[in-house]
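Down below is the structure, laid out as structure tokens.
The values are calculated or read from the model by the stated rules, or taken from the named source; none is laboratory data. Keep in mind the model is a prediction, meaning the values are calculated, not measured. A quick note on method: Cβ atoms are made from the backbone with ideal geometry, for glycine too, and the neighbour counts reach across all protein chains shown.
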Amino acid sequence: MKIYVGTIRDIFEYGLSVVGHSEKECYDALFNAYCDVSREIPKGLSDEERKSHFNNVMEDWGGFIKVVEPSKVYYDNFCE
């Protein structure tokens, strides 16, 4: 079984990280956490527009989702 980690380093001064069983699970968790905390998403946007905004945030902040290996040591928020 694959294990995924998703992270957006340093966003909101502390970063967001999640571990999940799929890339989609990690993406959805990061998206929901970002929407809960962020005041940057204007009210009234469609779900598609909110996800587009979030994709830009992931890119701007160097966010990523990737497969990780159990018992492997990762440094710097899973950046290796």
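Remarks
- So Val57, is it in a strand (DSSP E or B), without any contact (Cβ under 8 Å) to a residue 60 or more places away in the chain and in contact with a helix residue (DSSP H, G or I) (Cβ under 8 Å, 6 or more places away or on another chain): no
- Filter result for Ser38 (at pLDDT below 90, surrounded by 13 or more Cβ atoms within 10 Å (Cβ to Cβ) and small (Gly, Ala, Ser)): yes
- Taking the criterion of being of a type in the set (A, V, I, L, M) and in a strand (DSSP E or B), the residues of the stretch 16-34 that qualify are Leu16, Val18, Val19.
- Taking the listed residues Val67, Val73, Val57, Val5, the one that is at pLDDT 90 or above and either of a type in the set (Phe, Trp, Tyr) or surrounded by fewer than 17 Cβ atoms within 10 Å (Cβ to Cβ) (or both) is Val67, with no other qualifying.
- Only a single item in (1) in contact with a Lys or Arg (Cβ under 7 Å, 6 or more places away or on another chain); (2) assigned to a strand (DSSP E or B); (3) surrounded by 11 or more Cβ atoms within 10 Å (Cβ to Cβ) is not met by Gly62, and it is number (2).
- The stretch 8-35 - residue that is under 19 Å from Lys72 (Cα atoms) and among the hydrophobic types (A, V, I, L, M, F, W, C) and, of those, surrounded by the most Cβ atoms within 10 Å (Cβ to Cβ): Val18
- Of all the listed residues (Phe31, Phe54), the sole one being farther than 10 Å from Ile65 by Cβ, out of contact with any Cys (no Cβ under 8 Å at 6 or more places or on another chain) and of a type in the set (Phe, Trp, Tyr) is Phe31.
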